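K.L.:
Can you keep this structure in mind? I'll have questions shortly.
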Amino acid sequence: MARGDLLINLVRASVAGDKNAVKSAVETIIAEEKNKQHTVLADRLSRAMQTNGNGMNKLPPVSETAHKGREFIAEITPRRELGDMVLSETCRTAVDQLIEEQQRSSVLRAHGLDPRHRLLLVGPPGNGKTTLAEAIAEALAVPFFVVRYDAMIGSYLGETASRLKRVFDYVRTTPCVLFFDEFDAVGKERGDIHETGEIKRVVTSLLMHVDELPSYAVVIAATNHSELLDRAVWRRFQLRLGLPAPGEKELTEYFDRFLASFDKRPGVTAPTIAKRLGAISYAEAEEFTLDVRRRDVMTMKERPLKKTIEEQLKLWQERVQPIRTDDPEQGLSDG
């Protein structure tokens, strides 16, 4: 059965004639009953919401919504864990609070409060934004949905906004984490004179849907270009966290954990690895560790780990670096 606090909120909203609050309360009850595998009750509640007494404000059936919105998202089984990530103390505290509020939402709702459920992650590529979103979904034990821009963004007038609505209609049917990577693709500044009227309509639609999203659905957005986001988009997110590139200290902690996962002496220290690899992202650090593991497996784990690590360090230090067009020393010569 639904919790008492939700039923009380539903009664209060009904007495006050607040249709939006009634809708939000019922959707929360439906999502929780589905999460408990009470599908019969959830379906009956969904059908009851399809129309009111005079046939106005008809809502689409859940099955129809799922059919239309499911094709624009990819569901990924969460496998990343927060304990495997190196996060700043501030970031860790904020994420832990978000998870606790979601897990104990009944306590907050009993006092007329909702858990926070909107998170914006900002930082350069390869430094944990997607991993953190997936880890939050894993900690909450809910589906992890990633928006597929290739399927959602259309070329016809109003097509993208319509598909965006279907995405939000779908995710509001169940507790989940909805992830927008490269969020600036749909959340661009509307005052930019170089943007078309279509993207402005998409941003306006996006803001409306984010506002209406029930608190049991966590929406996480990530961007490498925060300066491109619309100012109103910033205000929609209750938590805004930066995930900068790691320094030598953070990389040392990362490689410490990596070396501890072996059952033989590495012969190389984590600070040495971090120093020799230099300025790299977490994604590159992970790729290095995977290279070491691959070679360790290929040698049947009989080769000293130190030799394998030294070999991979040499290969990584001699990698071809990308040419930066803003660096005159790396520019192409005329000859």
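K.L.:
Solvent-accessible area per residue for the range 194-244 at a 1.4 Å probe radius, Å²?
P.N.:
Heavy-atom SASA per residue in the range 194-244 reads 45 Å².
K.L.:
Next up: For a quick check: with amide H placed at 1.01 Å from N, whose amide H comes under 5 Å from residue 188's, ignoring anything fewer than 5 positions away on the same chain?
P.N.:
Amide H neighbours of residue 188: 230.
K.L.:
If you don't mind, another one. Sort the following peptides by mean Cβ neighbour count (other Cβ atoms within 10 Å, averaged over residues), highest first: 160-170, 200-210.
P.N.:
Listed from highest to lowest mean packing, they are 160-170, 200-210.
K.L.:
Accessible area of the range 197-254 with a 1.4 Å probe: how many percent of it is carbon plus sulfur?
P.N.:
Whole-percent figure for carbon plus sulfur exposure: 52.
K.L.:
With θ taken as phi - 60° and the coefficients 6.51, -1.76 and 1.60, list the Karplus ³J(HN,Hα) couplings across the range 260-265 in order, rounded to whole Hz; mark glycine and proline as x.
P.N.:
Running phi through 6.51 cos²θ - 1.76 cosθ + 1.60 with θ = phi - 60° gives 5, 7, 8, 9, 9, 5 Hz.
K.L.:
Right, something else. Taking H as built 1.01 Å from N, whose amide H comes closer than 5 Å to the amide H of residue 110, not counting residues under 5 places away?
P.N.:
Long-range HN contacts for residue 110: none found.
K.L.:
Across the range 176-188, in residue order, what do the Karplus-derived ³J(HN,Hα) couplings come to in whole Hz, using 6.51 cos²θ - 1.76 cosθ + 1.60 with θ = phi - 60° and x for Gly and Pro?
P.N.:
Taking θ as phi minus 60°, the curve returns 6, 10, 9, 10, 9, 7, 6, 4, 5, 5, 10, x, 5 Hz for the range 176-188.
The values are calculated or read from the model by the stated rules, or taken from the named source; none is laboratory data. None of the values given here were measured: they were computed from a predicted structure. Virtual Cβ from ideal backbone geometry, glycine too; neighbours counted across all protein chains shown. Just the protein is used for accessible areas: all its heavy atoms, side chains included, with ligands, DNA and RNA removed. Shrake-Rupley method; radii C 1.70, N 1.55, O 1.52, S 1.80 Å.
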